[in-house]
1. Just to be sure I understand, how many residues within the range 217-241 are out of contact with any helix residue (DSSP H, G or I) (no Cβ under 9 Å at 6 or more places or on another chain) and over 18 Å from residue 155 (Cα atoms)?
2. Is there any pair linking a residue in the range 239-252 that is in contact (Cβ under 8 Å) with a residue 40 or more places away in the chain to one that is surrounded by fewer than 16 Cβ atoms within 10 Å (Cβ to Cβ) and in a loop (DSSP other than H, G, I, E, B), with Cβ under 6 Å and at least six apart or on different chains, and which?
3. For the range 116-146, which positions are farther than 14 Å from residue 274 by Cβ and either modelled with pLDDT of 85 or more or touching a strand residue (DSSP E or B) at 6+ places or on another chain (Cβ under 6 Å) (or both)?
């Protein structure tokens, strides 16, 4: 028996059994002959016999399969791309194929989306903004849009931040030998809820950072005013702001308390009017994310 060689210019050269040989292999296999005997009688490699019979059991045909080709974008692919641009829910988008009765692998769906320049990303969590919030943000931007760079350099940004020393961390993979996953070097330490965290108040300017104050225990209005009294004016002096600077703080209840506003007014500190739920407007938050 002879083997026919099939050459595909786009792929590596592969061996294929002729139609006559394929039929003989199937006849011998149905008659109960073992793989080795079929290989020896037809003078073909044992691996080819195994591979052919495996394909026959899987696809129920003795015909050779044509090379896998990427189909041109059809209605399903086009519809999926348009749907994902308006609705980024991946699972919901794949239902388009199920609805049309099309059986398709997940990798095929991913490739079709990639062709449309769409890639899966973890959705960021952001504060829920209502129309009133969006309107306030737009008014804020328009109000200060014409400010010069010199005016913006006079804004002292501030915020508090809680850092989890043993907090929630992403998955961490380690290389370890069998039965050593419990060794300290291969583990991540954790603590009970509420422990292992530290809190800071800080401020910064375009030319540098101000003082960093640690916060012990629960933050309240009195503690916040003490932090401002000990750190705010000194930070402004160290940054050479003078008395004409603008102080930014968010709308936390401690910040908007009457006693806090009275303290700021007594010190003649100009406070920047701040819209609610404007995380992305605060430079200190943007700096922390980058």
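1. Count: 4.
2. Partner pairs satisfying both residue conditions: 246/272; 248/272.
3. 130, 131, 132, 134, 135, 138, 142, 145, 146
The values are calculated or read from the model by the stated rules, or taken from the named source; none is laboratory data. This structure is a prediction, so every number in the text was calculated from the model and none was measured. Cβ: placed from backbone, ideal geometry, glycine included. Neighbour counts: every protein chain shown.
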